[in-house]
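Reading through the structure tokens given below for one structure.
The values are calculated or read from the model by the stated rules, or taken from the named source; none is laboratory data. From a predicted model like this one, the values you see are computed outputs, not experimental measurements. Glycine gets a Cβ as well: all are built from the backbone with ideal geometry, and neighbour counts include every protein chain shown. Heads up: the accessible areas ignore ligands, DNA and RNA and are worked out on the full protein's heavy atoms, side chains in. Shrake-Rupley method; radii C 1.70, N 1.55, O 1.52, S 1.80 Å.
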Amino acid sequence: MPNTQKILPPTFAQLGLAKELMDALKDAGYEHPTPIQSEAIPIALTGRDIIGLAQTGTGKTASFTLPILDRLMHGPRRTRALVLTPTRELCLQVEESVRKYSKHAPLDVIPVFGGVSYEPQEKALRSGVDIVVATPGRLIDQMDRRNVDFSYLEILVLDEADRMLDMGFAPQIQKVIEQIPRYRQTMLFSATMPPEVEALGRKYLRRPVVVQVGRRSQAASTVTHAVYPVRKERKTELLVDLLTKSHHDSVLVFTRTKHGADKIESELQRRGIPAAAMHADKSQPQRIRALEDFRSNKIRVLVATDIAQRGLDIDGISHVINYDVPQAPEDYVHRIGRTGRAATTGDAYTFMSPDEIGMVRTIEREINQEIPRISVPGFDFGTVAATAVAAHPHDASLTAPIA
Ligand code: AMP
């Protein structure tokens, strides 16, 4: 049955991960889960099979790595998880993620791919390493040499399944799966869902939950969205709070009016946060100056109106903050398109006062994505808004079990 009561957990703490993993996430500097993580992690932790439709850059690796580690922290030290990847590069990336997130957990991982000598892999495999990340060809070689004991395997991940099939790995995948336990959790991740991948899912997964992020959205898939419910008169305080409490490299703040932009500029400057405003009333030299200062990191915060955004071409913006909720959904997509470029992860925060709840919902419908709420004590105007979005009508399309 579609889960219609779900509201995305806005923090890692709410996903139900072990403390050792939370500590590693903190060390990594991650503040909030990405949409695929919010969706997939709680489901994966229950042991259900998952089909995750997500591209690289969405945080998909952590969305299967974290649940694997959570589960493997308890129980025997045997090879209990296998991740199949199409390429050596991806294999190494997944291995790196596993190492990063298992920093405080007693778990080990080995990458297995071709073109390098067999022996070191063989040794680790024979020792019963907890997690194997492998390309299909070399893994089969190692299995044929009887170096692998998968009799304790509990979790199988097929990462970038569409690419694996494109590369002709279907027979190898089948061969591996034939030699591992039937009773296991299987997670399939793919950027696209052509019929071949669907068939793979039907063949090897049991009643999977399909988790999909941002497919119909124009928004950059690397952006982590969040909405902060806040009373109108407290917005500037919240902005200062966010800018001072955590690290923000280069922040683009959007306001509805020129007057609003100027007010924020002077308020931030008064608090010792270097900032500049950009809007139609600023002269050309003033604008150029502001942009140069922003690019050279002399100022960290640029406060702009929508008019100004069209001419802005700046790379490397770490955060976009919608001080006012954009009036049209397209403006939201445009604005956050300013961050998350070039596969870096950017954050897009939206401050939502009570009279802006409806506009946020319109945006969510448009981007086909619920935006997690972050409640900051002392700023949040109450729990009313948070429950109002819980019954979002598009919920079912985001996380729907398939038969
Ligand atoms: P992936 O889509 O798994 O290739 O991840 C893309 C990049 O995002 C990687 O460099 C991760 O380290 C990073 N990342 C993953 N999850 C988060 C998060 N919740 N917050 C910030 N960065 C993240």
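Report whether or not Leu90 is surrounded by 23 or more Cβ atoms within 10 Å (Cβ to Cβ) and within 16 Å of the ligand (Cβ to nearest atom). When the stated conditions are applied, Leu90 does not pass them.
Taking the range 54-69 as the range and being open to solvent by 20 Å² or more (accessible area, probe 1.4 Å) and more than 6 Å from the ligand (Cβ to nearest atom) as the test, only Gln55 passes.
The residue of the range 330-366 that is modelled with the lowest pLDDT, among those that are part of a helix (DSSP H, G or I) and basic (Lys, Arg), is Arg341. Val209 meets all of the listed conditions (1) crowded, with 18+ Cβ neighbours inside 10 Å; (2) β-branched (Val, Ile, Thr); (3) modelled with pLDDT under 85 but one, namely (3). At least 1 residues being among the basic types (Lys, Arg), at pLDDT 90 or above and over 12 Å from the mean Cα position of the chain (by Cα) is the threshold, and among the helices (runs of 4 or more DSSP H) wholly inside the range 1-91 those reaching it are 19-28, 60-72.
The combined condition, being at negative phi and surrounded by fewer than 17 Cβ atoms within 10 Å (Cβ to Cβ), is fulfilled by His74. Among the residues examined, Ile131 does not qualify as buried (at least 21 other Cβ atoms within 10 Å of the Cβ) and within 15 Å of the ligand (Cβ to nearest atom). Restricting Arg80, Arg48 to residues that are away from the ligand (no atom under 15 Å from the Cβ) and open to solvent by less than 30 Å² (accessible area, probe 1.4 Å) narrows the list to Arg80.
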